1. Restricting attention to the stretch 137-190, report how many residues are of a type in the set (Gly, Ala, Ser), at pLDDT 95 or above and more than 9 Å from the ligand (Cβ to nearest atom).
2. Could you please tell me which pairs satisfy a Cβ distance under 9 Å, a separation of 6+ or placement on different chains, a first residue in the stretch 202-214 that is of a type in the set (Lys, Arg), and a second residue that is surrounded by 12 or more Cβ atoms within 10 Å (Cβ to Cβ) and assigned to a helix (DSSP H, G or I)?
3. Taking residue 91 as the residue in question, decide whether it is surrounded by 18 or more Cβ atoms within 10 Å (Cβ to Cβ) and part of a helix (DSSP H, G or I).
4. Does the stretch 76-93 include one or more residues that are farther than 21 Å from residue 33 by Cβ, within 16 Å of the ligand (Cβ to nearest atom) and not aromatic (Phe, Trp, Tyr)?
5. What about residue 123, is it closer than 17 Å to residue 9 by Cα and either near the ligand (Cβ under 10 Å from one of its atoms) or within 15 Å of the chain's Cα centre (by Cα) (or both)?
6. May I ask you to list the residues in the stretch 29-48 that are in contact (Cβ under 8 Å) with a residue 24 or more places away in the chain and over 22 Å from residue 68 (Cβ atoms)?
7. So residue 70 passes all but one of these: (1) at pLDDT below 95; (2) assigned to a helix (DSSP H, G or I). Which condition number does it fail?
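The values are calculated or read from the model by the stated rules, or taken from the named source; none is laboratory data. The shown structure was predicted, so the numbers you read here are calculated from the model rather than taken from an experiment. Note that each Cβ is placed from the backbone with ideal geometry, even for glycine, and that neighbours are counted across all protein chains shown.
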Amino acid sequence: MRIDVYSIFPGIFESPLRESLLGKAIESGVIDLRLHDIRDYAEGRHRQVDDAPFGGGPGMVMKPEPIFRAVTETLGYRMDRLDELKSEVEVILLTPSGETFDQEKANQLAGREHLALICGRYEGVDERVREHLCTRALSVGDYVLSGGEFAALIVIDAVARLVPGVVGNEASLADESFSRGLLEYPQYTRPADFNSWKVPEIVLSGNHGEIEKWRCQVAKESTRKTRPELSGIAQRKPDEV
Ligand code: ADE
């Protein structure tokens, strides 16, 4: 999978993308990740990337030209062939006003060969970017970050780990929270008694059928309690989800 990231602060990505599973996937080439500084595509001596909003209001708005230029030049498309670009690349604007990103969207994006992530900053991004360059806009939650960079990192992490070859044990993906509409069951490891806090007897029993039943029951209870809005999904049979 190829992922192109557009930001005026590409340095934010460097350390997180060097570490752990993601770092390995990028180093080995399973994920071809390319960072682009939008400022490199801005005109003039000051390489201005933002300007005051038409109609007034606080803050600055990111200008459209450097973003369009960065994306079209780095991906090799002409400005009059944006439809072609959008049919071949999923171009995503990270913004708090986008659709909420969730596991289902991560699964969809993991099936694409090429993603382009555009990180907004300041008070916003000129709407023509969303309208004419992007195929979708995503928010990572109902809170406002100082920019789309951390949101892009969340999307990259959630999507990349679904790409074959990034996570070693594919079975762990199938069993985890949200993949079945349930939160995960609690996990324990050695020691069985830590500070007099004992691991539930059932998980030490060796009876895999009973352990599976217990895990399922605890997962349902905790989903109902912590995330009642997910419980409807969890209780339905898989073909009704
Ligand atoms: N930029 C600022 N806040 C954001 C959010 N919640 N999701 C995506 N991009 C953002």
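1. So the answer is 2.
2. 213/202
3. On the way: surrounded by 18 or more Cβ atoms within 10 Å (Cβ to Cβ): yes; part of a helix (DSSP H, G or I): no.
Criteria not met by residue 91.
4. Within the stretch 76-93, the subset farther than 21 Å from residue 33 by Cβ is 78-84, 87.
Narrowing further to those that are within 16 Å of the ligand (Cβ to nearest atom): none.
No, because not a single residue in the stretch 76-93 is farther than 21 Å from residue 33 by Cβ, within 16 Å of the ligand (Cβ to nearest atom) and not aromatic (Phe, Trp, Tyr).
5. Working: closer than 17 Å to residue 9 by Cα: yes; either near the ligand (Cβ under 10 Å from one of its atoms) or within 15 Å of the chain's Cα centre (by Cα) (or both): no.
No.
6. As a first pass, look at the stretch 29-48 and keep what is in contact (Cβ under 8 Å) with a residue 24 or more places away in the chain: 30-42.
Selection gives 30, 31, 32.
7. Going through (1) at pLDDT below 95; (2) assigned to a helix (DSSP H, G or I) one by one, residue 70 breaks only (1).
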